[in-house]
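A quick write-up on the structure given underneath.
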Amino acid sequence: MRYDITLIPGDGIGPEVTEAARRVLEVTGVEFNWELVEVGSDAMEKYGTPLPDSVLESIKKNRIALKGPVTTPVGSGFRSVNVALRKELGLYACLRPCKTYPGTPSRYQDVDIVVVRENIEDLYSGIEFEKDTPEIFRLIKLVSETKNETIRTDSGISIKAISEMRSRRIVRFAFDYARKYNRKKVTAVHKANIMKYSDGLFLSVAREAAGEYPDIEFEDRIVDNMCMQLVQKPHQFDVIVAPNLYGDILSDLCAGLVGGLGLAPGANLSDDIAVFEATHGSAPKYTGMNKVNPLAMMLSGVLMLRHLNEIQAADRLENAIADVIAEGKNVTYDLKPDNPETAVGTSHVADAVISKLD
Ligand code: NAD
């Protein structure tokens, strides 16, 4: 069987790591038709939009995409392509496994945490009010009238909305994942003590949904305490479920526990569409240098193979990657903190993984 996959190289280091991942996937024995599409600043120049409709159509048709990172201009310029993709395609769950592979230079060994992040709402929904606009003044007036609270008129405002339906959906996703992959515990993360109507709602829905899964342990943690606990005792955690912003931050923290962003894969999922991408961004300062680690992108490819139910190929590729890490010879600078001068480049890592697959 040949799979049609939408391939989005992205920008910055995206094209290099995506090409490395594509090359190793090609030799797993599974066959792919790659449908190449462009997003971001290149698409903006050519089509006048950073996210052309043809990209969304390609993903909707193929239902699976492998995506490199895309730069989001800070403060001004176009809105995030990544956020728009998740919203447009209803990719409500972001799955980010963080696992230590033997040989990884890292503070911990045997960490195996899966972060499940709500991917659509919360402060990330992109509903924002710009300083000094008529809309923000109306909102500030409404808050003053209804809440008897003053928001300074020189403010900018971002809306944090958390819904019952989306909270329940992501918590159930986390528990279903835990059940399917034999995980023992789900930890919900929030700041419900302060944000009683948004995070408080998330927590109460999480507690209720946990009742549907008596076979899996459930606990909750306040996000600041969670950060400290993760750094001190990461082994106590199994599956973590969190609203969008905390999930984003915690998944980078967890990536740091297992060797860094160069080893952290991810998937953005709806019930019928899946976009696989590394947790890391486009790291613009390394663009075109053949320097960064392609393993996070390759491990995202492993997740894609599992999603396709190509379990044998997924296991083979993951084992080949693990072998390369364990040998510690053909790895990039981030995995050689003590002797970075012996590090190899992005494409060389792909060659090494391919040689293990032969
Ligand atoms: P980043 O993840 O791009 O890079 C942060 C640092 O992490 C890099 O400077 C580098 O030291 C390290 N790093 C990242 N990927 C690595 C790899 N594969 N190998 C080795 N080291 C690696 O984060 P940033 O600098 O905050 O963001 C850069 C751009 O990427 C921004 O425009 C941001 O919006 C965007 N971004 C995109 C996505 C996405 O497309 N899904 C995700 C995160 C950030």
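The values are calculated or read from the model by the stated rules, or taken from the named source; none is laboratory data. Just so you know, these numbers come straight off a predicted model, no measurement behind them. With ideal geometry, Cβ positions are generated from the backbone for all residues, glycine too; neighbour counts draw on all protein chains shown. SASA here: full protein model, heavy atoms, side chains in, ligands and nucleic acids out. Shrake-Rupley method; radii C 1.70, N 1.55, O 1.52, S 1.80 Å.
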| said: Compute the angle between helix 346-357 and the longest alpha-carbon principal axis of the chain, please, reported from 0 to 90 degrees and rounded to the nearest 10. | reply: 60 degrees
| query | By how many degrees, 0 to 90 and rounded to 10, does the Cα axis of helix 295-307 deviate from the longest principal axis of the chain? | reply | 80 degrees
| note | Taking Cα atoms only, helix 134-147 is inclined relative to the longest principal axis of the chain by an angle, in degrees rounded to 10, of 60 degrees
| said: For region 16-108, take the convex hull of the Cα atoms, compute a quarter of its surface area, and give me that in nm², please. | reply: 8.9 nm²
| query | Size of the dipole of region 227-358 about the Cα centre, Lys and Arg at +1 and Asp and Glu at -1 on the beta carbon, nothing else charged, in debye to 20? | reply | 300 debye
| field | Virtual spin-label span in nm between ARG23 and ASP215, 7 Å along Cα→Cβ | value | 4.3 nm
| field | Exposure rank, largest accessible area first [HIS307, HIS280; 1.4 Å] | value | HIS307, HIS280
| Which distance in nm do the two modelled labels at ASN193 and ASP271 give, with both placed 7 Å along the Cα-to-Cβ direction? | 3.8 nm
| field | Reachable aspartates and glutamates, given that their alpha-carbon falls under 18 Å from the alpha-carbon of LYS60 and they are not under 8 places away in the same chain | value | ASP4, GLU35, GLU38, GLU88, ASP271, ASP272, GLU277
| task | Using DSSP to define loop residues, name the trypsin sites (Lys or Arg not before Pro) in region 156-253 whose beta-carbon has at most 15 other beta-carbon atoms within 10 Å. | result | LYS184, LYS196
| message | Charges on Cβ only, +1 for Lys and Arg, -1 for Asp and Glu, centred on the Cα centroid of the chain; of PHE276, ILE194, SER125, which one is farthest towards the dipole's positive end? | response | ILE194
| Leaving out ligands, DNA and RNA, what percent of the accessible area of region 182-301 is carbon and sulfur, probe 1.4 Å? | 56 percent
| So, with a 1.4 angstrom probe, what is the percent of accessible area on region 58-144 that is carbon and sulfur? | 54 percent
| All aspartates and glutamates inside 20 Å of LYS131 as judged from Cα atoms, apart from same-chain residues fewer than 8 positions distant | GLU145, GLU149, ASP154
| request: For the chain, list log₁₀ I(q)/I(0) at each q in 0.08, 0.11, 0.13 Å⁻¹, using the Debye formula over Cα point scatterers of equal strength and ignoring solvent, two decimals each. | output: -0.41, -0.77, -1.07
| 5 angstrom amide H check on LYS291, placed H, neighbours 5+ away | THR346
| note | So ASN33 and ASN148, fully extended at 0.36 nm per residue minus their Cα-Cα distance, gain in nm 35.5 nm
| request: Hey, can you find the accessible area per residue of the chain for me, probe 1.4 Å, expressed in square angstrom? | output: 46 Å²
| Okay, helix-only estimate at 222 nm for the chain: each DSSP H run of n ≥ 4 adds -39500 (n - 2.57), divide by all residues, round to 500 deg cm²/dmol; what do you get? | -13000 deg cm²/dmol
| task | Between the alpha-carbon centers of region 11-37 and region 163-214, tell me the distance in whole angstrom. | result | 34 Å
| message | What aspartates and glutamates does LYS329 reach when the alpha-carbon gap must be under 15 Å and sequence neighbours fewer than 8 apart in one chain are set aside? | response | ASP338, GLU341, ASP351
| query | Each label point is 7 Å from the Cα along the Cα-to-Cβ direction; what then is the distance between the points at GLN312 and GLN232, in nm? | reply | 4.8 nm
| Å³ per residue of the Cα convex hull, for region 194-272? | 126 Å³
